[in-house]
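Trainee: Structure provided below as structure tokens; questions to follow.
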Amino acid sequence: MSARRFLRDARGATVVVFALTIPLVIGAAAYAVDLSYYKLVHNQLQSAADAAALGATSLVSNEDAAIAMALDLAEKNVPENFGTVVTAADVTLGTYDPATRTFTPSLTGRNAVAVAASRDGDHGNAAPRYFSMIWGDEGVAIDAYAIAARTGQATYEPPSVTWLDPEAGDYNEIYVYCFDYEAPGDPNARRSQMTLIADNEGTDYDYVWPTCGDGEALSFRMRNVRHARAHPEVWDNPNRAPYKAELDFFTDTAIADGVETFTIRREVTSIPRAWRSYFPGGRYSDGTFNILETVRCESLDECVGESDGGILPQGRNRTPNLEDQPCEPGKFMYFGWEDRPPGQPGPNANWTDPAWTDTDFDDIRIVMKCPAEGFLGDKLVRLVR
């Protein structure tokens, strides 16, 4: 066979090409198999980092406890053969700014925890190569990272229904505010973000719903100005019959296990001379006023009176219901107020007397949607990265 003919002969070329590509095909297949394994490892590391960050953030105010929680949860969320994927040096406490979505290590004002989970040489647990040793025999470094932050706490959404009796002879206003129930000291100093939301004149108020922080509960203030709607002249002359008394009632709410308790405090702004003997205890009086009714409803439609097919109690001269169940996601809470506390001293022959009340607990009605997640007061911790 001549040289020219030999060079043009293609018989057997396919076998040669296939033989030359076998190592590449085997290597690629081996790498693909190991790559799937590394993806599985990364997913497990990510789960460990997520769990560690969430758990640690729930204890972020206590650095030692937060780190211990992170280490424990990381260990529990990976197989034993992974070794130690998170050390104390991999846990960082700091502050998270939701506006800029940035995490900054910090010694003060901490509200977030960052956790890195790794299999690498530094941790002595690099992921091994199984089928891809053709590409080298050193281990593979795989990392995962998570940040969890406290982004607020579970609280009520703005009212779904607000109704103040427009036929009442008194002028009434309702406010919401945040009360620091964990702090000691003067209750006045523990109230913040006082916000007027409604009155029985039908005024349309443009307001910003309060945002309560850790250890605070959304609370209510009812302002009751006796006779001022039916007799507006008493605004200018409170000592003219039937007299203008101006009173404020604060719930100063506390929360335990998602259930609210109310310490109803009264503050006297002004009392006509003729009534002063009927308001003992000076300006302030704590926890002695039965003026509030609460009922948890399964739906908004259920939060109406019994006569309309709902579950809300009705009728005069009765003892109000106080809900002892937490406000759960998807449900609603009803607040019904009696604008004149029962059991007060003084004449009560008719509505112009200082002690008259009908105790129907529906002079002011508010229905609010429960938190979208968690119980009232729960610290909302979520992953932000």
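Trainee: Could you list, ordered by first residue, the pairs with Cβ atoms under 7 Å in which the first is in segment 65-91 and in the same structural domain as ALA117 (by TED's automatic domain parsing) and the second is surrounded by fewer than 16 Cβ atoms within 10 Å (Cβ to Cβ), at least 6 apart or interchain?
Mentor: ILE67/ALA88; LEU71/ALA88; GLY83/GLY124
Trainee: To continue, here is another question. Before we move on, is GLU167 in the same structural domain as TRP356 (by TED's automatic domain parsing), acidic (Asp, Glu) and modelled with pLDDT of 95 or more?
Mentor: no
Trainee: Now, a different point. Can you tell me which residue within segment 354-385, out of those that are crowded, with 21+ Cβ neighbours inside 10 Å and in contact with a helix residue (DSSP H, G or I) (Cβ under 9 Å, 6 or more places away or on another chain), is modelled with the lowest pLDDT?
Mentor: So the residue we want is VAL381.
Trainee: Quick test of your reading of the structure: ARG265 fulfils all but one of (1) surrounded by 13 or more Cβ atoms within 10 Å (Cβ to Cβ); (2) out of contact with any His (no Cβ under 7 Å at 6 or more places or on another chain); (3) more than 30 Å from LYS369 (Cα to Cα); (4) not β-branched (Val, Ile, Thr). Name the failing condition by number.
Mentor: Here ARG265 meets the rest and fails (3).
Trainee: Would you mention how many residues in segment 93-114 are basic (Lys, Arg) and either modelled with pLDDT of 95 or more or within 11 Å of ILE147 (Cα to Cα) (or both)?
Mentor: 1
Trainee: Checking the conditions here, which among ASP186, ASP170 is of a type in the set (D, E, K, R) and buried (at least 20 other Cβ atoms within 10 Å of the Cβ)?
Mentor: Unique residue meeting the criteria: ASP170.
Trainee: Evaluate the following for TRP351: is it assigned to a helix (DSSP H, G or I) and surrounded by 14 or more Cβ atoms within 10 Å (Cβ to Cβ)?
Mentor: It is false that TRP351 is assigned to a helix (DSSP H, G or I) and surrounded by 14 or more Cβ atoms within 10 Å (Cβ to Cβ).
Trainee: I would also like to ask the following. Mind counting the residues in segment 51-64 that are more than 11 Å from VAL91 (Cα to Cα) and without any contact (Cβ under 8 Å) to a residue 12 or more places away in the chain?
Mentor: Residues in segment 51-64 being more than 11 Å from VAL91 (Cα to Cα) and without any contact (Cβ under 8 Å) to a residue 12 or more places away in the chain: 2 in total.
Trainee: Go through segment 150-177 and give me each residue that's under 19 Å from GLU216 (Cβ atoms), in contact with a Lys or Arg (Cβ under 7 Å, 6 or more places away or on another chain) and in a strand (DSSP E or B).
Mentor: ARG150, THR151, GLN153, TYR175, TYR177
Trainee: Could you check segment 292-322 and list, in sequence order, the residues that are more than 28 Å from the chain's Cα centre (by Cα) and outside any loop (DSSP other than H, G, I, E, B)?
Mentor: GLY305, GLU306, SER307, ASP308
Trainee: Next up: Got a number for residues in segment 33-91 being under 14 Å from SER118 (Cα atoms) and not in a helix (DSSP H, G or I)?
Mentor: 9
The values are calculated or read from the model by the stated rules, or taken from the named source; none is laboratory data. Being a predicted model, the structure only gives us computed values, none of them experimental. Note that we place each Cβ from the backbone using ideal geometry, even for glycine, and neighbour counts take in every protein chain shown.
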